[in-house]
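Contents: one structure, followed by commentary.
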Amino acid sequence: MKTSTKDLGYHIHYDKKITLDEMKERLQSGIQRCEKLHWIPIDVISKAKFIQQSVWPAALHAAGSQVLGKRHFRDLRRAATKALLGDHKHASSFLACSCLVSGLDDPLLYVVIQIVRSIRRLFAYFPELAQQMVNFSVGFGGSVAFGPAAALKKYLEIIKWEDHQDGSL
């Protein structure tokens, strides 16, 4: 009996067994892309654009449907910092991904933004369903997150933000 399926790159689970499967490969691929980018002789702004427009979308595709641990985001931040600044052991990966170049988002913030954009698009076509999703996220208190509404709640808890019934954060 199948316990999960894959649709357009999103892994959908039908039981409570959470596995990262393809997500691990995507994350590792994103880290490898940053390692290759480290050696390309281009300016920091071009590297940051490449990370934002190519690495994050490929590595974090489907990260909004299940919750990734802090370690995965930390590894992506470190790889991006090494690509941008070189192999400096004392460089702050959080500051490098958040403040160094405008237009480069922290990978965790990137995932939160993607989920919020999805909900906003859902409001345009199916407002009742979108409101149900917001209500579920606001009221979610479980320990294991299944789907984007619960994943949004867990990600917001990591960055210490709150979501509200009116859709504000």
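The values are calculated or read from the model by the stated rules, or taken from the named source; none is laboratory data. Bear in mind the structure is a predicted one, so any value in this text is a computation, not a measurement. Positions of Cβ are backbone-derived with ideal geometry, glycine not excepted, and every protein chain shown enters the neighbour counts. These accessible areas exclude ligands, DNA and RNA; they are computed on the full protein's heavy atoms, side chains included. Shrake-Rupley method; radii C 1.70, N 1.55, O 1.52, S 1.80 Å.
Here are a few things to note about the model shown:
- Unique residue being in contact (Cβ under 8 Å) with a residue 12 or more places away in the chain and under 17 Å from G69 (Cα atoms) when the list is K160, K154: K154
- Any hit, region 67-88, residues being open to solvent by less than 70 Å² (accessible area, probe 1.4 Å), part of a helix (DSSP H, G or I), of a type in the set (F, W, Y) and touching a helix residue (DSSP H, G or I) at 6+ places or on another chain (Cβ under 9 Å): yes
- Listed by first and then second residue, the pairs linking a residue in region 40-57 that is under 19 Å from H72 (Cα atoms) to a residue that is among the hydroxyl-bearing types (S, T, Y) and open to solvent by less than 50 Å² (accessible area, probe 1.4 Å), with Cβ atoms under 8 Å apart and 6 or more places separating them unless they lie on different chains, are Q52/Y110; W56/Y110.
- The residues of region 151-169 that are within 14 Å of the chain's Cα centre (by Cα) and among the hydrophobic types (A, V, I, L, M, F, W, C), listed by number, are A151, L152, L156, I158, I159.
- Residue that is nearest to V116 (Cα to Cα), among those in region 131-148 that are open to solvent by less than 50 Å² (accessible area, probe 1.4 Å) and in contact (Cβ under 8 Å) with a residue 24 or more places away in the chain: V134
- Residue pairs meeting the criteria (Cβ under 9 Å; at least 6 apart or on separate chains; first at pLDDT 75 or above, in region 10-32; second open to solvent by less than 40 Å² (accessible area, probe 1.4 Å) and of a type in the set (V, I, T)): S29/V55; G30/I51; G30/V55; I31/V55
- Across region 122-166, the qualifying residues are those that are among the acidic types (D, E) and over 22 Å from D106 (Cβ atoms), and the one among them that is modelled with the lowest pLDDT is D166.
- Matching residues in region 95-127 - criterion: being assigned to a helix (DSSP H, G or I), open to solvent by less than 10 Å² (accessible area, probe 1.4 Å), touching a residue at least 40 places away in the same chain (Cβ under 8 Å) and not β-branched (V, I, T): P107, L108
- Count of region 51-65 residues which are open to solvent by less than 10 Å² (accessible area, probe 1.4 Å) and more than 15 Å from Q28 (Cβ to Cβ): 1
- Test result for R74, within 17 Å of the chain's Cα centre (by Cα), of a type in the set (K, R) and modelled with pLDDT of 90 or more: yes
- Among the residues of this structure, S29 does not count as one that is open to solvent by 20 Å² or more (accessible area, probe 1.4 Å), more than 12 Å from the chain's Cα centre (by Cα) and within 17 Å of S98 (Cα to Cα).
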